[in-house]
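Asks: Sharing a structure, written as structure tokens. Questions coming.
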Amino acid sequence: MFIRSFVDKIQKRLVSHFAPRSRPIFNYFNEDSVKAAAVNIPDDVTEGHFAVLAIKGEETKRFVVELDYLNNPAFLGLLELAEQEYGFRQKGALAVPCRPHEFQKILDEWRNSFN
């Protein structure tokens with residue numbers, strides 16, 4: 001139930017963000033701001049990927065995962081936990097409350113389910 005609510009919120013934000021506007025979205029960005037944003041993206045986060053920090057207690061590890069993992073029910077459960085623990089206002093890499101070795105197991109199981 002909570003996941004559905006979370007997905008609904010994201011969909012509403014995306015629809016409102018990409019809905020037709022009276023002026024083009026490109027008016028809000030200038031070339032310098034686009035270049036500055038590109039500079040802040042680490043080289044290992046390529047197109048179609050995003051950074052995730054698995055954090056539990058003193059254990060922290062950074063992962064770069066494919067967008068496809070957003071379809072993984074276990075990952076969606078972690079996003080729910082992250083929302084409860086950290087809220088929606090995270091900046092930078094997405095942090096999930098999970099031990100790094102447990103997060104790696106979730107990634108491996110999802111990847112192996114397609115092989």
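Asks: In segment 87-115, what count of residues is obtained for those that are surrounded by fewer than 10 Cβ atoms within 10 Å (Cβ to Cβ) and aromatic (Phe, Trp, Tyr)?
Replies: In the first step, residues of segment 87-115 are kept if they are surrounded by fewer than 10 Cβ atoms within 10 Å (Cβ to Cβ); the result is 87, 89, 91-92, 112-115.
Filter again for aromatic (Phe, Trp, Tyr), leaving 114.
Residues in segment 87-115 being surrounded by fewer than 10 Cβ atoms within 10 Å (Cβ to Cβ) and aromatic (Phe, Trp, Tyr): 1 in total.
Asks: Something else now. Name every residue in segment 71-100 that is assigned to a helix (DSSP H, G or I) and either touching a residue at least 24 places away in the same chain (Cβ under 8 Å) or more than 21 Å from Glu58 (Cα to Cα) (or both), in order of residue number. Please lay out each step first, then the result.
Replies: To start, the set of residues in segment 71-100 that are assigned to a helix (DSSP H, G or I) comprises 71, 73-86, 100.
Hits for segment 71-100 are Asn71, Pro73, Ala74, Phe75, Leu76, Gly77, Leu78, Leu79, Glu80, Glu83, Pro100.
Asks: Still on this structure, please answer the following. Filter segment 49-68 for residues that are outside any strand (DSSP E or B) and loosely packed, with under 13 Cβ neighbours inside 10 Å; which is nearest to the chain's Cα centre (by Cα)? Please lay out each step first, then the result.
Replies: Of the residues in segment 49-68, the ones outside any strand (DSSP E or B) are 57-58, 67-68.
Then keep just the ones that are loosely packed, with under 13 Cβ neighbours inside 10 Å; that gives 57-58, 67.
Numbers: Gly57: 21, Glu58: 22, Leu67: 8 Å.
Among those that are outside any strand (DSSP E or B) and loosely packed, with under 13 Cβ neighbours inside 10 Å, it is Leu67.
Bear in mind that the values in this text are calculations on the coordinates, not laboratory data. These figures come from a predicted structure and were not determined experimentally. Neighbour counts run over all protein chains shown; Cβ positions are idealised from the backbone, glycine included.
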